[in-house]
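Inspection log for the structure reproduced underneath, given as structure tokens.
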Amino acid sequence: MPSVSPYREIEFIDSDDALKSVCDHFSHEPVIAIDTEFQRQNTYFPKLCLIQIASSTSVVCIDPFAITDTEPLCHLLQDPAITKVFHSCQQDLEVLFLYLDILPENLFDTQIAAQILGMGRQLGYANLVRELLSLELEKSQTRTDWTQRPLHPDQLQYAAEDVVPLYQIHDILHRKLVESDQLAELQQQVRERLNREDYIVCASNGVKRLKGLNRVTGPARKLAKIMAVWREQQAIDQNRPRQWILKDGVLIALARQFSQGQAAKINNDRFRKRYERHAAAVLQFLRQHEDAAKLVAEVPVTEESS
């Protein structure tokens, strides 16, 4: 496909001096677009592999493996005078928080903007770019190994061409929000995603990550919360995806069984064969920590998990 980048050159940043220089350059821009590439297929913690930033004049790819002084980048991301554009910011913010221990200020999320404008709920980036810019994004590097070094020129081209349209569609969406008097709604929804506590690695946050909690009530709900905390701690300790420890549906099913007094003996043969290993592990936790409910007593349940 033709390059979507209007810039002649993609700058690869692999030293502290180069990072400081490019951050100084971007500090004079009113708007920058940001994207990340990371690996997380078989781990709890995402591994940040690349940071892409585009402005009106340039696009860079920052190699976090080569950077030892991240202060210039932190300063750039926390500059309230600069709008930082993301698409579906949650995962990017999570991986940047783990890397930098900060959250950016003054965000604009194009997915949220599109939803407010009635373009669709959780509209994918490729579809949004297609609709607003009539461009088809390159997909050849979707499953590439971003941890490898050196990165191939095709990988850098792909990464750059992922972030440039993000900068371009910001202007369109921002104008539409202003014209429809909905910019304040975007700003409010973005602020709700910038609660630092949500990004701190903590087992009690496992309650917020549990889908299906709204399907159980009473003792089963209480047990599901306790088990969600246990699962999150196991995932953190083992650095494995929480679903690998215990799937949401299995966790909810076990909570129901335990609340019905079937913790020691699960009558249904099919259920026992499928879940017995998980049941034993959770029961061991519950028996060793009889006051485990205190871990989740004050954890609010969001709409996603309530």
Practice task
Sort out which residues of segment 60-106 are surrounded by fewer than 16 Cβ atoms within 10 Å (Cβ to Cβ) and among the acidic types (Asp, Glu), and write them in order of number.
Solution key: 69, 71, 101, 105
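Examine segment 116-134 for a residue that is of a type in the set (Val, Ile, Thr) and out of contact with any strand residue (DSSP E or B) (no Cβ under 9 Å at 6 or more places or on another chain), and state whether such a residue exists.
Just the residues of segment 116-134 that are of a type in the set (Val, Ile, Thr), to begin with: 116, 129.
Filter once more, so that each one left must be out of contact with any strand residue (DSSP E or B) (no Cβ under 9 Å at 6 or more places or on another chain): 116, 129.
Checking segment 116-134: at least one residue is of a type in the set (Val, Ile, Thr) and out of contact with any strand residue (DSSP E or B) (no Cβ under 9 Å at 6 or more places or on another chain).
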Problem - Condition check for residue 94: within 30 Å of residue 245 (Cα to Cα) and not in a strand (DSSP E or B) - result: yes
Practice task
Tell me which of these residue 112 doesn't satisfy, since it passes every other one: (1) in contact with a strand residue (DSSP E or B) (Cβ under 9 Å, 6 or more places away or on another chain); (2) modelled with pLDDT of 95 or more.
Solution key: (1)
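Which one of these is on the phi < 0 side of the Ramachandran plot and either hydroxyl-bearing (Ser, Thr, Tyr) or modelled with pLDDT under 90 (or both): 222, 176? Step through it out loud before you land on a result.
Values: 176 fails: either hydroxyl-bearing (Ser, Thr, Tyr) or modelled with pLDDT under 90 (or both).
The match here is 222.
Of all residues in segment 43-91, count the ones that are of a type outside the set (A, V, I, L, M) and assigned to a helix (DSSP H, G or I). Don't jump to the end; show me each part of the working.
Applying the first criterion (of a type outside the set (A, V, I, L, M)) to segment 43-91 yields 43-47, 49, 52, 55-58, 61, 63-65, 68-72, 74-75, 78-80, 83-84, 86-91.
If we keep only those that are assigned to a helix (DSSP H, G or I) too, we end up with 64-65, 71-72, 74-75, 90-91.
Result for segment 43-91: 8.
Considering segment 143-173 alone, what residues qualify as being exposed (fewer than 13 other Cβ atoms within 10 Å of the Cβ) and either under 28 Å from residue 116 (Cβ atoms) or in contact (Cβ under 8 Å) with a residue 60 or more places away in the chain (or both)? Outline the logic, then answer.
Filtering segment 143-173 for residues exposed (fewer than 13 other Cβ atoms within 10 Å of the Cβ) gives 143, 145, 148-150, 152-154.
Across segment 143-173, the qualifying residues are 145, 149.
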Exercise for the section: Could you tell me which numbered condition residue 247 fails, if it satisfies all but one of (1) charged (D, E, K, R); (2) assigned by TED's automatic domain parsing to the domain that holds residue 114; (3) without any contact (Cβ under 8 Å) to a residue 24 or more places away in the chain? Expected result: (2)
Practice task
Could you give me the residue pairs with C-beta distances under 6 Å whose first residue belongs to segment 224-235 and is farther than 11 Å from residue 210 by Cα, whose second residue is at pLDDT 90 or above and not in a helix (DSSP H, G or I) wherever it lies, and which are 6+ apart or on separate chains?
Solution key: 235/44
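Within segment 107-127, is there a residue that is within 17 Å of residue 36 (Cα to Cα), aliphatic (A, V, I, L, M), assigned by TED's automatic domain parsing to the domain that holds residue 51 and in contact (Cβ under 8 Å) with a residue 24 or more places away in the chain?
Taking segment 107-127 as the starting set, the residues that turn out to be within 17 Å of residue 36 (Cα to Cα) are 107-111, 124-126.
With aliphatic (A, V, I, L, M) added as a condition, the list becomes 107, 126.
With the extra rule that they be assigned by TED's automatic domain parsing to the domain that holds residue 51, the set shrinks to 107, 126.
Still in the running and in contact (Cβ under 8 Å) with a residue 24 or more places away in the chain: 107.
Yes, segment 107-127 has at least one match.
The values are calculated or read from the model by the stated rules, or taken from the named source; none is laboratory data. Model, not experiment: these values are computed from the prediction. Don't worry about glycine lacking a Cβ; one is built from the backbone with ideal geometry, like all the others, and counts go over all protein chains shown.
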